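Below is one structure, written out as structure tokens; comments come after it.
The values are calculated or read from the model by the stated rules, or taken from the named source; none is laboratory data. As the structure is a computational prediction, the values presented were derived from the model and not from experiment. Cβ coordinates were reconstructed from backbone atoms using ideal geometry, including for glycine residues, and neighbour counts include every protein chain displayed. For the accessible areas, the whole protein counts, side chains as well, though only heavy atoms, and no ligand, DNA or RNA atoms are used. Shrake-Rupley method; radii C 1.70, N 1.55, O 1.52, S 1.80 Å.
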Amino acid sequence: MIKLAGSALIIFATTGIGFTAGRDLKIRLDNLRYIKKLMLMLRGEIQYLKAPLGEAFFNVGKRARAPFDLFFDRIAQEIESLECESFYAIWCKHIDEELSQIKLTKPDCQTLKRVGEHLGYMDKEMQLGMIDLYVEQLEEEIKLSKENIDEKIRVYHCLGVAAGIFAVLIIL
């Protein structure tokens, strides 16, 4: 009886891990879409409202959901405080601090960090061009993720169940 209960718990646990991995893929895709939306808002603030970078980040932060609101607000505060730190250092620091809990891959974070290399010190047109380039990269990544997300989710679900059954067979 105990072996049966333990076997069921192992299978449930590994199945849960598989379903969690599948859910993380969906969350990542949603976050990429939302980052694209935020970048387009930032682009609009810079291009049409002609807002300085600190004000543009503050305005986008007011309309963003957590944790992105905190990300944009903190960057705006540090830009306005006129510390000696470069914009790129501020950008990377806040990506690591505020956006660490969202489900982005390391390449996603590295690409997002590269955007900060060109914001803050280039002229307005170059900054807009960099944002446009990043939005195009995001669109491509979203497209690739959407194409195979269902397959990957099914694989994670099946692997979770299969791993549990395999572990039970080894234990018994």
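What number of residues within the stretch 38-71 satisfy the criterion of being under 21 Å from SER145 (Cβ atoms), open to solvent by less than 50 Å² (accessible area, probe 1.4 Å) and not in a loop (DSSP other than H, G, I, E, B)?
The number of residues fulfilling the criteria is 3.
Say we look at the stretch 121-138 and pick out the residues that are of a type in the set (Asp, Glu) and open to solvent by 70 Å² or more (accessible area, probe 1.4 Å); which of these is farthest from TYR48 (Cα to Cα)?
GLU136
Kindly indicate whether ILE142 is among the β-branched types (Val, Ile, Thr) and touching a Cys at 6+ places or on another chain (Cβ under 7 Å).
Numbers: among the β-branched types (Val, Ile, Thr): yes; touching a Cys at 6+ places or on another chain (Cβ under 7 Å): no.
Here the answer is no, as ILE142 does not meet what is asked.
Regarding the stretch 112-120, can at least one residue be identified that is surrounded by 14 or more Cβ atoms within 10 Å (Cβ to Cβ), under 20 Å from LYS143 (Cβ atoms) and among the hydrophobic types (A, V, I, L, M, F, W, C)? Can you show your working first?
Let us first name the residues in the stretch 112-120 that are surrounded by 14 or more Cβ atoms within 10 Å (Cβ to Cβ), namely 112-120.
Filter again for under 20 Å from LYS143 (Cβ atoms), leaving 112, 114-115.
Still in the running and among the hydrophobic types (A, V, I, L, M, F, W, C): 112, 115.
Within the stretch 112-120, one or more residues are surrounded by 14 or more Cβ atoms within 10 Å (Cβ to Cβ), under 20 Å from LYS143 (Cβ atoms) and among the hydrophobic types (A, V, I, L, M, F, W, C).
I'd like to know if the stretch 139-154 contains one or more residues that are under 26 Å from PHE87 (Cα atoms) and either surrounded by fewer than 17 Cβ atoms within 10 Å (Cβ to Cβ) or in contact with a strand residue (DSSP E or B) (Cβ under 6 Å, 6 or more places away or on another chain) (or both). Working first, answer last.
So the first thing to find is which residues in the stretch 139-154 are under 26 Å from PHE87 (Cα atoms), and the list is 139, 141.
Restricting the remaining residues to those that are either surrounded by fewer than 17 Cβ atoms within 10 Å (Cβ to Cβ) or in contact with a strand residue (DSSP E or B) (Cβ under 6 Å, 6 or more places away or on another chain) (or both) gives 139.
Yes; the residues of the stretch 139-154 include at least one that is under 26 Å from PHE87 (Cα atoms) and either surrounded by fewer than 17 Cβ atoms within 10 Å (Cβ to Cβ) or in contact with a strand residue (DSSP E or B) (Cβ under 6 Å, 6 or more places away or on another chain) (or both).
Of all residues in the stretch 78-95, count the ones that are open to solvent by 70 Å² or more (accessible area, probe 1.4 Å) and in contact (Cβ under 8 Å) with a residue 12 or more places away in the chain.
The total comes to 2.
Considering each of GLU85, GLU45 in turn, give the residue that is modelled with pLDDT of 90 or more, among the charged types (D, E, K, R) and under 16 Å from LEU119 (Cβ atoms). Don't jump to the end; show me each part of the working.
Details: GLU85 fails: modelled with pLDDT of 90 or more.
Going through GLU85, GLU45 in turn, the sole match is GLU45.
Restricting to the stretch 1-56, name every residue that is farther than 17 Å from PHE72 by Cβ and β-branched (Val, Ile, Thr).
ILE2, ILE10, ILE11, THR14, THR15, ILE17, THR20, ILE27
Taking ILE171 as meeting all but one of (1) more than 30 Å from LYS3 (Cβ to Cβ); (2) touching a residue at least 60 places away in the same chain (Cβ under 8 Å), write down the number of the exception.
(1)
Would you mind stating whether LEU144 is touching a Gly at 6+ places or on another chain (Cβ under 6 Å), modelled with pLDDT of 90 or more, more than 23 Å from ASP96 (Cα to Cα) and not basic (Lys, Arg)? Let's see the steps before the verdict.
Numbers: touching a Gly at 6+ places or on another chain (Cβ under 6 Å): no; modelled with pLDDT of 90 or more: yes; more than 23 Å from ASP96 (Cα to Cα): yes; not basic (Lys, Arg): yes.
Judged against the criteria, LEU144 is not a match.
Need the failing condition index for ILE35 against (1) surrounded by fewer than 18 Cβ atoms within 10 Å (Cβ to Cβ); (2) closer than 30 Å to LEU159 by Cβ, just the number.
Of (1) surrounded by fewer than 18 Cβ atoms within 10 Å (Cβ to Cβ); (2) closer than 30 Å to LEU159 by Cβ, only one is false for ILE35: (1).
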